[in-house]
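The values are calculated or read from the model by the stated rules, or taken from the named source; none is laboratory data. These numbers come from a predicted model, not from an experiment. Neighbour counts run over all protein chains shown; Cβ positions are idealised from the backbone, glycine included. What goes into the accessible areas is simple: the full protein's heavy atoms, side chains included, and nothing from ligands, DNA or RNA. Shrake-Rupley method; radii C 1.70, N 1.55, O 1.52, S 1.80 Å.
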Amino acid sequence: MNKKAKSLTSAIATTLALTLFMPSVNVSAESINHLKDKQQKLNQKTSELNSDIQKKSTKINNNQSNMDGIMEQISKLDKKILKTDKEITVALEKIDHTTSEINALKASIADLEKKINERDDLLQDRARAIQENGGSVGYVDVLLKANSFTDFIDRISAVNTLLEADRLIIQEQSNDKKKLEEQKVTLDEKLHKQEIDRDKLTSLRRSLDAKKKDKDQLIDKLEAEQSKLKSEKKLLEKEYSEAINISKEVEKDIAKEQERLAKIARQQAEAAAKSSNVTTVSNEGETGDIPEVASGTWTKPTNGTLTSGFGWRNIGFGPEFHYGVDLANKQGTPIVAAADGVVFRASPLSTYGNVIMITHSINGHTFTTVYAHLSGYKSTVGQSVKKGQVIGYMGQTGRAYGSHLHFEIHTTAWKGQSVGAINPLRYISL
């Protein structure tokens, strides 16, 4: 092949090569553009997700803010409830004191009326005797019948004694009748005062019921906010970090013991319902920070700061459900029974640490209260305790961070943390 032919062949080969490779260059450019488009859409999606996350976080913060606001309202209502409780206690004490005075007056009036009636009979007998003997002449006849001067003196003394006795009887009768009228007036005044006190007590109880109803509505609102929080965070309910794992045998023993003591609690509640006396609790010898006993069925179990409420929370272990309330105070702070009942457990139990459980019979219904993380006990299994009675002392045994009381109320017999657990703030005021 000559030189010219070789050059032509080379040119044709080059042209064919360029023709063959051109489509590949175009495909790569399209792929890059497609990837860029995908990246752009991915960036947009990421931005939208970040925006959604931000919105969710804002909603969660709003939920938390609303919950904090509601808790503040509940706290203010609690103060009003405690104030009304004190006023009810004072009113009950006044009524009780007035009732004692009224009973004493009635007894005194009955005694006076009996004395007056007896004297009336005596004076009537004396009047008949004088009439039958001719009035005062009868006394002259007695004197004239004297056998000697000594007998005359004796008769004068006897007559004077009789006259003085008559005069004293009449004076006593007059005084007692006057006293009787005064006591009847006083009785009417006290009955009227008692009626006013009873009306005031009724008004106070209505006011207390209204406040408690408002508080329940706030708690409903709080729990609704907690439900929103659960939905926003897509939480799955799991046992609270203080959830306890106990064997079936121990659980059966607890249930059996509680069933036995529940009967005793019910009998005691029925006996107390028949008695109208106001019972007071003596915590003689206790020098700690004992909470003031509220009127009504329930009282707060200790003095302290509410550090964790009932419901969903996160204390660093992820979302969890808290089946009670935590009240923090120094170690050794007295813990009291929240209502009348019978102790059915007072011993260590798993993450509860030292725990006391009490069975209550209220209006024929069984309740359970739980007092956990105690440093010590002042009650024993089978012991009957009154509302406000010291049963133990605050501590941080079991799974606890700092000295506090973990307190639960269950509307059933105790069958584990989650069964029948209810927000204690529905029953107690802090």
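Remarks
- Given charges at Cβ of Lys, Arg, Asp, Glu: the range 66-117 dipole, positive-most of Leu77, Ile88, Ile116: Ile116
- The range 398-416-the range 344-393 distance, computed between alpha-carbon centres (Å): 10 Å
- Restraint check, Lys252/Lys387; Lys80/Lys386; Lys252/Lys274, Cα-Cα greater than 30 Å: Lys252/Lys274
- Relative contact order for the range 269-421, counting Cα pairs under 8 Å that sit 6 or more residues apart, in percent: 24 percent
- Listed residue pairs exceeding 25 Å between alpha carbons, taken from Lys190/Lys215; Lys83/Lys193; Lys221/Lys263; Lys114/Lys190; Lys213/Lys256: Lys190/Lys215; Lys221/Lys263; Lys213/Lys256
- When nucleic acids and ligands are ignored and a 1.4 Å probe is applied, Glu87 ends up with an accessible area of around 80 Å².
- FRET efficiency, Lys115 to Lys190 (Cβ-Cβ, R0 35 Å, nearest 0.05): 0.95
- Between Arg426 and Thr305, the simple label model (points 7 Å from Cα in the Cβ direction) yields a spacing of 2.9 nm.
- Computed lengthening from Gln217 to Lys179, 0.36 nm per intervening residue step minus Cα-Cα distance: 8.1 nm
- Sorting the segments 362-368, 179-185 by their residues' average number of neighbouring beta-carbon atoms within 10 angstrom, most packed first, yields 362-368, 179-185.
- Full-extension gain in nm, Lys415 to Asp125, via 0.36 nm per residue minus C-alpha separation: 96.5 nm
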